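Accompanying notes for the structure given below.
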């Protein structure tokens, strides 16, 4: 069953059967005049609330404070020190953890994005370290965004796809069929037969 346009969908349950890109969710939220900022999971939640009659108002952007902290400690506010994923902060965490090279994980990235979006000056570098160690959850990376990556990886690993000279192009044609349907968002060899006319 092909994916209908949003204005043809009558319930959240029906809406959730389909795969939506974050950009599409942002456009939908803007068209509904509800909050259109946040992770993919947050946008889905705003739309769920919309279907249940709750309107999540768009957030008003707050002026961002200029960085004031020069010496970094675990109690330093992430907002006030102007946190980035650059070398200064990587070196700070290398010193604190003893891990070199230090790597930020995806939940840390999602957390920083949310902290900055909400201008949460109470969130510290120590809190961010707690996110790394699983002691605190502030925001989590939306793993559903990895579905396309997994689909392509599985497609390329399938010996049955060796005949296709442009694997990414062929995988994207199949992905479009899967994405716009209610089926599970995974690659299977059977898709090559089912959509053989489209990919030959």
Q.
For region 54-71, check the following and say yes or no: at least one residue is outside any loop (DSSP other than H, G, I, E, B), closer than 30 Å to residue 182 by Cα and touching a helix residue (DSSP H, G or I) at 6+ places or on another chain (Cβ under 6 Å).
A. no
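Okay, residues lined up against (1) under 25 Å from residue 5 (Cα atoms); (2) exposed (fewer than 14 other Cβ atoms within 10 Å of the Cβ); (3) out of contact with any strand residue (DSSP E or B) (no Cβ under 7 Å at 6 or more places or on another chain):
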position	(1), (2), (3)
147	yes, no, yes
151	yes, no, yes
158	no, no, yes
164	no, no, yes
186	yes, yes, yes
192	no, no, yes
Q | Pairs, first farther than 14 Å from residue 123 by Cβ in region 71-86, second in a loop (DSSP other than H, G, I, E, B), C-beta under 6 Å, six or more apart | A | 85/104
Q) Which one of these does residue 168 not meet: (1) farther than 25 Å from residue 19 by Cβ; (2) over 19 Å from the mean Cα position of the chain (by Cα)? A) (1)
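Readers should treat all values here as calculations from the given coordinates under stated rules, not as data from a laboratory. In this text the structure is predicted, and so the values were computed from the model without any measurement. Every residue, glycine among them, receives a Cβ derived from its backbone with ideal geometry; neighbour counts consider all protein chains shown.
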